[in-house]
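Encoded as structure tokens, the structure appears first; notes follow it.
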Amino acid sequence: MAGGSAKTKKAAKSAMDGRAADGRTADGRARAAPRDKAGKVQRMPKKLYETELFRLQAELVKLQEWVRAEQARIVVIFEGRDAAGKGSTIKRVAQYLNPRVARIVALPAPTEREQTEWYFQRYIEHLPAAGQIVLFDRSWYNRAGVERVMGFCSKEEYFRFLHQCPIFERLLVEEGILLRKYWFSVSDDEQENRFRSRLQDPMRRWKLSPMDLESVTRWEDYSRAKDEMFVHTDIPEAPWNVIESDDKRRARINMIAHLLSTVPYHDVQRMPLSLPPRPPAQGYQRAPKDMQSYVPDHAAELERQHQAK
């Protein structure tokens, strides 16, 4: 199955030919999040969001079972500016999926050895085998974004990437991999608000780095890099899909709904399971508890303290 079945390859082609337009206006532009008269983003109502998210997550489980049954391979790329909502969306996508089927790949900076390899080489080893889904939390597009803007690659390396990337992705699609690319678009005001929130929250401060904060002063540089990247890599075989993400709730709903609409999955009939009766005891004696080391009952101590108040 290394090359993918003919059925899977046909499904990949038909899905791309029927590219959905969810979350876009009539002329194909990404829809902006609605705002009130003061210009503040209107968030999707929480109850409506949670109800629809759970429904979509149930569909993702069906998609997962279809991937396993059909031995399909799916790659989903999540790209966008810092604090655009990629990570939280990936979390919702993977929440109810089997981690042996759906993997999240978030690579650190390349090692000294990896810097001497072909640029795409370290990503290839993370591509899915038959019956797997891979979610890339950032991807090979680092070269067209942060590496380009921050000067981490030479001009020759950058232009070589723009030339090779469409070829590389066409090869993936020809191989039968279902490749989906999402760009999370956040406004400068909303990005700044999220940065400020993270700075003040000790539980999320780890999400910020000096390089993240520098992206505020290089906003237009990143905008130009993204525009040029789209010119070269928004190809029919692997198009970019833009997600307006000023409202994270809408972004998650729109992204998952679109992904599901582009894959020709169906409900897979699973083998019925039943719990067997427990057999009668055969004389087993459990070892005394004092022979084993148990963790302290912190929960019980909390309950005692709570009742004493």
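Miscellaneous remarks
- Counted as qualifying within region 193-309 are the helices (runs of 4 or more DSSP H) with 1 or more residues that are without any contact (Cβ under 8 Å) to a residue 12 or more places away in the chain and at negative phi, namely 210-217, 219-233, 298-308.
- Of all the listed residues (Glu169, Glu192, Glu156), the sole one being among the acidic types (Asp, Glu) and in contact with an Asp or Glu (Cβ under 9 Å, 6 or more places away or on another chain) is Glu169.
- Conditions (1) surrounded by 24 or more Cβ atoms within 10 Å (Cβ to Cβ); (2) under 26 Å from Arg194 (Cα atoms); (3) among the hydrophobic types (A, V, I, L, M, F, W, C); number of the one not met by Ala72: (2)
- Of the residues making up region 175-188, none is free of Cβ contacts under 8 Å to residues at least 12 places away in the same chain and of a type outside the set (A, V, I, L, M).
- Residue satisfying all of: in region 210-227; closer than 18 Å to Lys155 by Cβ and not hydroxyl-bearing (Ser, Thr, Tyr); surrounded by the fewest Cβ atoms within 10 Å (Cβ to Cβ) among these: Asp227
- All positions within region 186-221 that are among the acidic types (Asp, Glu) and farther than 22 Å from Arg148 by Cβ: Asp189, Glu190, Glu192, Asp201
- Filter result for Arg148 (within 30 Å of Ile124 (Cα to Cα) and more than 20 Å from the chain's Cα centre (by Cα)): yes
- When Ala102 is tested against (1) in contact with a helix residue (DSSP H, G or I) (Cβ under 8 Å, 6 or more places away or on another chain); (2) more than 16 Å from Phe78 (Cα to Cα), just one condition goes unmet, and that condition is (2).
- For Val146, the requirement of being crowded, with 16+ Cβ neighbours inside 10 Å and farther than 27 Å from Ala72 by Cα is met.
- The listed residue being of a type in the set (D, E, K, R) and either in contact with a Cys (Cβ under 9 Å, 6 or more places away or on another chain) or within 30 Å of Gly131 (Cβ to Cβ) (or both), out of Glu237, Glu228: Glu237
- Pick from region 39-80, criterion of a type in the set (D, E, K, R) and at pLDDT below 95, ranking: nearest to the chain's Cα centre (by Cα): Arg43
- If you go through region 144-176 and keep only what is in a loop (DSSP other than H, G, I, E, B) and among the polar types (S, T, N, Q), you end up with just Ser154.
- Set Met203, Met291: member being modelled with pLDDT under 95, more than 30 Å from Glu169 (Cβ to Cβ) and under 22 Å from the mean Cα position of the chain (by Cα): Met203
- The numbered conditions (1) more than 19 Å from Glu169 (Cα to Cα); (2) surrounded by fewer than 22 Cβ atoms within 10 Å (Cβ to Cβ); (3) under 20 Å from the mean Cα position of the chain (by Cα) are all true for Phe230 except (1).
- One residue stands out in region 99-116 among those that are among the hydrophobic types (A, V, I, L, M, F, W, C) and under 20 Å from Met150 (Cβ atoms): the one that is modelled with the lowest pLDDT, namely Ala109.
- Exactly one residue among Lys91, Lys47, Lys86 is touching a Gly at 6+ places or on another chain (Cβ under 7 Å) and closer than 19 Å to Arg249 by Cα, and that residue is Lys86.
- Lone qualifier among Tyr119, Tyr96, Tyr141 - being surrounded by 19 or more Cβ atoms within 10 Å (Cβ to Cβ), modelled with pLDDT of 95 or more, out of contact with any Leu (no Cβ under 6 Å at 6 or more places or on another chain) and assigned to a loop (DSSP other than H, G, I, E, B): Tyr119
The values are calculated or read from the model by the stated rules, or taken from the named source; none is laboratory data. Owing to the predicted nature of the structure, the values given are computational and were not obtained by experimental measurement. Ideal geometry is used to build each Cβ from the backbone, glycine not excepted, and the neighbour counts take in all protein chains shown.
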